[in-house]
Every structure is written in C-alpha cells, then in structure tokens.
1. Any idea which residue in region 14-24 is surrounded by the most Cβ atoms within 10 Å (Cβ to Cβ), counting only those that are assigned to a helix (DSSP H, G or I) and out of contact with any helix residue (DSSP H, G or I) (no Cβ under 7 Å at 6 or more places or on another chain)?
2. If we only count helices (runs of 4 or more DSSP H) wholly inside region 31-116, which ones have 3 or more residues that are at pLDDT 50 or above and under 15 Å from the mean Cα position of the chain (by Cα)?
3. When the residues of region 41-62 are filtered to those that are surrounded by fewer than 16 Cβ atoms within 10 Å (Cβ to Cβ) and either touching a residue at least 12 places away in the same chain (Cβ under 8 Å) or in contact with a strand residue (DSSP E or B) (Cβ under 9 Å, 6 or more places away or on another chain) (or both), which remaining residue is nearest to residue 9 (Cα to Cα)?
4. Would it be correct to say that residue 5 is without any contact (Cβ under 8 Å) to a residue 40 or more places away in the chain and assigned to a helix (DSSP H, G or I)?
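The values are calculated or read from the model by the stated rules, or taken from the named source; none is laboratory data. Since the model is a prediction, treat every value here as computed from it, not as a measurement. Cβ placement follows ideal geometry from the backbone for every residue including glycine, while neighbour counts extend to all protein chains displayed.
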C-alpha cells in the first residue's frame with residue numbers, strides 16, 4: 001500500500017490473484033473475437049503467442065502499472081514486431097460491443113472495486 005489512508009490501485013484491485021483472474025477472462029475473450037482477428041496483424045499475433053504466455057505478461061504489466069511489486073519483463077510496444085500501426089483502433093469501427101472487462105461477472109466482492 002502507498003499509505004494507510006490511500007491504498008494503491010493494485011491493492012484496491014485485490015492484488016495479483018484478482019488481477020490475474022480478470023486478465024485470464026479478458027484474454028480468453030480477445031483471443032477469439034472475430035472483430036479483432038479481422039485485422040491480419042492481430043490474428044497473426046494471436047497464433048504466434050500462446051494464450052498462457054500472453055496472460056502472464058498482461059497480468060505482469062497491469063500489476064506493475066497499478067503500483068504492484070511486479071516488474072514487466074516483456075517487450076516494449078516499440079520493440080514488438082506486431083505493434084499497432086498509426087490509426088489505432090479506428091480500423092475496428094467505433095468500438096461498440098468490444099469484449100471488455102465485466103466487473104459484475106464475479107458478483108459482490110468482485111476484484112474491481114471503487115475506493116469510495
């Protein structure tokens with residue numbers, strides 16, 4: 001925690017196990033989403049990297065980015081050969097209906113909680 005009065009986002013999310021649970025579900029959704037896989041670069045990347053390895057690195061990155069003790073050990077976006085090109089997500093439309101994180105999936109006590 002950062003201080004007793006203001007826990008880090010990592011702590012508010014429930015730590016590594018809660019974050020890993022959400023990332024596991026999220027990666028399962030995006031790996032098979034036909035809208036994302038319509039992009040040849042994304043589809044190729046989804047077949048080049050095993051889901052378990054991708055889940056590990058995404059969990060590591062989210063833990064690091066939210067103030068956890070983990071260190072991200074994967075490639076930077078600049079180093080990644082399959083990185084997004086200029087234009088971002090515009091090639092997938094307005095983003096409506098994208099597979100997203102659903103905090104309500106786990107019911108009361110879900111790993112994503114407000115600090116209020």
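1. 22
2. So the answer is 51-65.
3. Among them, the one singled out is 51.
4. Spelling it out, it is not the case that residue 5 is without any contact (Cβ under 8 Å) to a residue 40 or more places away in the chain and assigned to a helix (DSSP H, G or I).
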